[in-house]
1. Looking at region 26-45, I want the residues that are surrounded by 19 or more Cβ atoms within 10 Å (Cβ to Cβ) and have a partner that is modelled with pLDDT of 90 or more and not in a helix (DSSP H, G or I) with Cβ atoms under 7 Å, at least 6 apart or on another chain. Which pairs are those?
2. So if I check each of Trp149, Trp130, which one is open to solvent by 40 Å² or more (accessible area, probe 1.4 Å), in a helix (DSSP H, G or I) and of a type outside the set (A, V, I, L, M)?
3. Search region 93-107 for residues being crowded, with 16+ Cβ neighbours inside 10 Å and over 17 Å from Leu157 (Cα atoms), and hand back the single one that is modelled with the highest pLDDT.
4. Go over the candidates Ile81, Ile54 one by one and state the one that is of a type outside the set (D, E, K, R) and open to solvent by less than 20 Å² (accessible area, probe 1.4 Å).
5. With respect to the numbered conditions (1) part of a helix (DSSP H, G or I); (2) open to solvent by 60 Å² or more (accessible area, probe 1.4 Å); (3) more than 22 Å from Val110 (Cα to Cα), which one is the sole condition not fulfilled by Ile16?
6. Across region 111-127, which residue is nearest to the chain's Cα centre (by Cα) among those that are surrounded by 18 or more Cβ atoms within 10 Å (Cβ to Cβ) and not in a helix (DSSP H, G or I)?
7. What number of residues within region 60-110 satisfy the criterion of being in a loop (DSSP other than H, G, I, E, B), free of Cβ contacts under 8 Å to residues at least 60 places away in the same chain and under 22 Å from Ala22 (Cβ atoms)?
Amino acid sequence: MVGSFETRVWTVPNAITVARLALLVPVCLLVLQGAEGSWWPPVLLALWASTDWIDGVLARALGQTSRLGEILDPIADRVGIVGVTLSLAIVGVVDWWVLAAIAATDVATVALAGPAARDGGIRVSWLGKWRTAVLLTAVVVLVLGETVWPAATIGGLVLLLVGTGLHVLAGVDYIRKARGGAGAGRDRAGEARRGADGGRVDAAPADAAGATDAEGAR
């Protein structure tokens, strides 16, 4: 648990996040096997979804925030949502195009905004948080409908469609921010080179550092 934010690995929140990933295996297997009448899949999945909030609370309460945790937490969300949605698509509850939209958005976001997120250039937005909350709720309700409460399926599908729309919008927003940040970074580098060549700069280094820190704080 000892170490700085950047190097810290073995923390309670990170252990919970890893356990979240492991918890997905029995849930997906139970859905694929057709656990009709069993409360285990929805209960385990609800536990998985709730720990998305618990690990963040513990990280702040225990002073164990870490760069690894920031990376692992959204990965656990994405893997879980795609994995459960895939299982539901295989058994015929969810249309394949929904899974394709979610997965394609994830791939595009990782490819185009991943480097900026890894370097701390962009942070999780409120749109992204709402997207995740809606999608997590949707898969729990859908599994509940597939196992013990069939009437819940319609509500789960509506939530899934809303969550998928928010997911695409959040992905576009992250990509836009990442591209804008890259352009601003190139502009600042160009200004620095011109300042060095011409013997002057248009902004004090402290001002530029302050702007970067403020951007990262968001």
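1. Leu30/Ser38; Val31/Val91; Pro42/Val148
2. Trp130
3. Thr105
4. Unique residue meeting the criteria: Ile81.
5. (2)
6. Taking the candidates together, the pick is Ile122.
7. Keep residues of region 60-110 that are in a loop (DSSP other than H, G, I, E, B), which gives 62-66, 91-95.
From what's left, free of Cβ contacts under 8 Å to residues at least 60 places away in the same chain: 62-63, 92, 95.
Filter again for under 22 Å from Ala22 (Cβ atoms), leaving 62.
Residues in region 60-110 being in a loop (DSSP other than H, G, I, E, B), free of Cβ contacts under 8 Å to residues at least 60 places away in the same chain and under 22 Å from Ala22 (Cβ atoms): 1 in total.
The values are calculated or read from the model by the stated rules, or taken from the named source; none is laboratory data. Predicted, not measured: the structure shown is a model, and the values here were computed from it. For neighbour counting, all protein chains shown are included, and Cβ atoms are generated from backbone atoms with ideal geometry for every residue, glycine included. Please note that ligands, DNA and RNA were not included when accessible areas were found on the heavy atoms of the full protein model with its side chains. Shrake-Rupley method; radii C 1.70, N 1.55, O 1.52, S 1.80 Å.
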